[in-house]
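Down below is the structure, laid out as structure tokens.
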Amino acid sequence: MKCLGIIVLLAVAIAFSGCAGRALNEAKRVNTVSAYDTFLKEYPDHELVKEALDLREKAVFDESKALDSIESYRNYLKQYPSGIYVSDAEDRL
């Protein structure tokens, strides 16, 4: 009986992991800050969070470039003062 419980827990864990993977793939397809925020809200402790956070940062910077305004680059710098795209954002100010 104990073995059955472990199997059920393992199956639930695998299913949950698969859901998170599909959710992150959907966020990547949409590729917006909002999509990554939704993933992070729904799966805050999942192993894919680091990847989602990195993709979110890129999405914020991409949106800043699309808007191409001082305010948008300052928004990126405020959210990611040590981010990957800091020098690019500062160059565009």
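The values are calculated or read from the model by the stated rules, or taken from the named source; none is laboratory data. Everything quoted here is computed from the prediction, not taken from an experiment. Cβ atoms come from the backbone with ideal geometry, glycine included; neighbour counts cover every protein chain shown. For the accessible areas, the whole protein counts, side chains as well, though only heavy atoms, and no ligand, DNA or RNA atoms are used. Shrake-Rupley method; radii C 1.70, N 1.55, O 1.52, S 1.80 Å.
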### Query
So, in the range 52-80, of the ones that are small (Gly, Ala, Ser) and out of contact with any helix residue (DSSP H, G or I) (no Cβ under 6 Å at 6 or more places or on another chain), which residue ends up nearest to residue 31 (Cα to Cα)?
66
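Residue-wise test of (1) within 23 Å of residue 72 (Cα to Cα); (2) at pLDDT 95 or above.
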{"residue": "5", "(1), (2)": "no, no"}
{"residue": "17", "(1), (2)": "no, no"}
{"residue": "25", "(1), (2)": "no, yes"}
{"residue": "31", "(1), (2)": "yes, yes"}
{"residue": "56", "(1), (2)": "yes, yes"}
### Message
Kindly evaluate residue 39 against the criterion of being touching a residue at least 24 places away in the same chain (Cβ under 8 Å), open to solvent by less than 50 Å² (accessible area, probe 1.4 Å) and under 30 Å from residue 21 (Cβ atoms).
### Response
no
### Query
Looking at the range 52-68, is at least one residue over 11 Å from the mean Cα position of the chain (by Cα) and of a type in the set (Val, Ile, Thr)?
no
### Message
Regarding the range 58-76, can at least one residue be identified that is surrounded by fewer than 12 Cβ atoms within 10 Å (Cβ to Cβ), modelled with pLDDT of 95 or more and at positive phi?
### Response
yes
